[in-house]
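For reference, the structure discussed in these notes is given below.
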Amino acid sequence: MRTNAFLGRDWISPELDYTKEEWESLIDLALDMKREFALNKDQSGVLKNQTLFSMFFNQSLRTRSTFAAGIQQLGGNYVELDPGKTYTPAREGFDIPYKTERIADVARMLSRVGDAIAIRMYGPPAYWIYGFANATMHEFAEYSDKPIINMECDMYHPCQALADMITVKEKFGGFKGVNFTMSFAYSGSIEKPRAVPQSVILAATKMGMNVTLAHPEGFELDPMIIEKCKEFAHQTEGSFKIINDFDEGFKDAHVVYPKSWGSTYCFNYHKDGKEVKKADHEMAEKVNEAAKGWCTTKKQMDLTDKNGIYMHCLPADRGQEVTDEVIDGPKSVVIDEAENRLHAHKAIMALLMGGRQ
Ligand code: CP
């Protein structure tokens with residue numbers, strides 16, 4: 001039997017764990033599958049009778065609908081396990097009698113009867129402790145001998161990042177020489193994960209683009225991720241810089257991705273299981289209020305390259321992050337990105353679950 005290098009692997013932080021060439025393979029496979037889908041080719045033999053279990057600890061439209069549709073288009077079964085209706089999986093020390101069930105037991109049981117476990121967790125179910133949800137996924141991986149798929153945790157959203165790289169490739173044909181700006185944008189909500197900006201800047205530097213990260217003070221991303229971006233930019237001969245000016249990020253950009261994320265004050269920080277810093281909601285309100293001007297309007301879009309595009313993972317806070325004129329305008333590719341979630345997820349499942357051996 002032939003095998004592939006992806007078979008059985010986890011998809012938790014692939015921005016760090018998968019090579020540039022492996023990302024390119026996934027992008028190419030997703031685009032092949034997208035073309036086949038458009039031609040109505042039967043793909044139902046790819047994962048025939050395989051089962052994907054999903055667990056959403058948070059709300060979702062795009063991720064939920066495209067994983068559900070994707071596995072079924074590949075001939076497999078989709079089983080959604082609703083945390084709270086099942087016994088909620090819990091890490092050691094977070095057990096509640098007859099309400100939660102230790103992850104070790106949940107993961108071992110599910111991996112005996114299914115072929116992959118996909119999880120979304122951030123925010124309140126992870127106590128707003130930065131890194132808690134990511135650690136939860138790693139605990140699942142420790143006990144499951146089937147792939148664990150990260151559908152967004154508090155550090156990474158690799159499924160979104162893959163769909164975004166597919167979209168950039170479709171629009172520009174490749175990555176070299178593409179000026180890509182990930183920018184903060186204002187939202188009325190002070191509590192938001194920073195998984196999307198972190199995954200997207202990692203993927204964009206990994207693919208070799210010229211990446212700018214723009215944000216106001218107080219919205220810094222994880223220093224470990226910033227260091228990785230610098231390393232990737234050096235390896236791929238792209239570039240990476242951080243600025244604190246909103247308009248500057250749009251100048252001559254081919255891709256702008258202005259979206260909100262939580263300030264450094266909205267998280268609790270733990271080290272070795274002990275709290276080292278508490279969330280400070282007063283400061284979170286203060287820095288957020290000061291960032292109210294970071295709303296994308298036509299004025300900013302006019303600063304971009306003539307072929308510049310506006311990206312957003314959705315859902316967007318219209319009127320706060322962006323005007324209707326921009327998100328519904330000619331430079332916006334947000335629905336293309338959302339559509340590409342389907343093809344990204346099909347490529348991930350096909351390779352990790354072994355459809356294309
Ligand atoms: N972008 C994204 O992950 O969308 P959902 O939250 O709707 O899944």
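The values are calculated or read from the model by the stated rules, or taken from the named source; none is laboratory data. Not measured: the values here are computed from a predicted model. Backbone-built Cβ (ideal geometry, glycine too); neighbour counts: all protein chains shown. Just so you know, the surface numbers come from the protein's heavy atoms only, side chains and all, with ligands and any DNA or RNA stripped out. Shrake-Rupley method; radii C 1.70, N 1.55, O 1.52, S 1.80 Å.
Quick grid of which residues meet (1) modelled with pLDDT of 95 or more; (2) of a type in the set (V, I, T); (3) in contact with a Lys or Arg (Cβ under 7 Å, 6 or more places away or on another chain); (4) assigned by TED's automatic domain parsing to the domain that holds G123:
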| residue | (1), (2), (3), (4) |
| --- | --- |
| D247 | yes, no, no, no |
| K259 | yes, no, no, no |
| Y265 | yes, no, no, no |
| E282 | yes, no, no, no |
| H312 | yes, no, yes, no |
| D328 | yes, no, no, no |
| H345 | yes, no, no, yes |
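The test for being under 23 Å from the mean Cα position of the chain (by Cα), assigned to a loop (DSSP other than H, G, I, E, B) and within 16 Å of the ligand (Cβ to nearest atom) does not hold for L342. Criterion first (within 30 Å of V168 (Cα to Cα), open to solvent by less than 60 Å² (accessible area, probe 1.4 Å), of a type outside the set (D, E, K, R) and outside any loop (DSSP other than H, G, I, E, B)) does V256 satisfy it? Judged against the criteria, V256 is a match.
State which residue is nearest to H343 (Cα to Cα) when the search covers only the stretch 46-92 and only residues that are of a type in the set (S, T, Y) and assigned to a loop (DSSP other than H, G, I, E, B). Only one residue fits best here, namely S60.
Restricting the stretch 165-196 to residues that are part of a loop (DSSP other than H, G, I, E, B) and basic (K, R) leaves a set whose member that is surrounded by the most Cβ atoms within 10 Å (Cβ to Cβ) is R194. Do we find that K85 is at pLDDT 95 or above and open to solvent by 30 Å² or more (accessible area, probe 1.4 Å) in this structure? No: the conditions fail for K85. Among the candidates G174, G84, the residue that is free of Cβ contacts under 8 Å to residues at least 40 places away in the same chain and assigned by TED's automatic domain parsing to the domain that holds G262 is uniquely G174.
Please specify each residue of the stretch 36-65 satisfying the condition of being within 16 Å of the ligand (Cβ to nearest atom) and open to solvent by 20 Å² or more (accessible area, probe 1.4 Å).
F57, N58, Q59, S60, L61, R62, R64, S65
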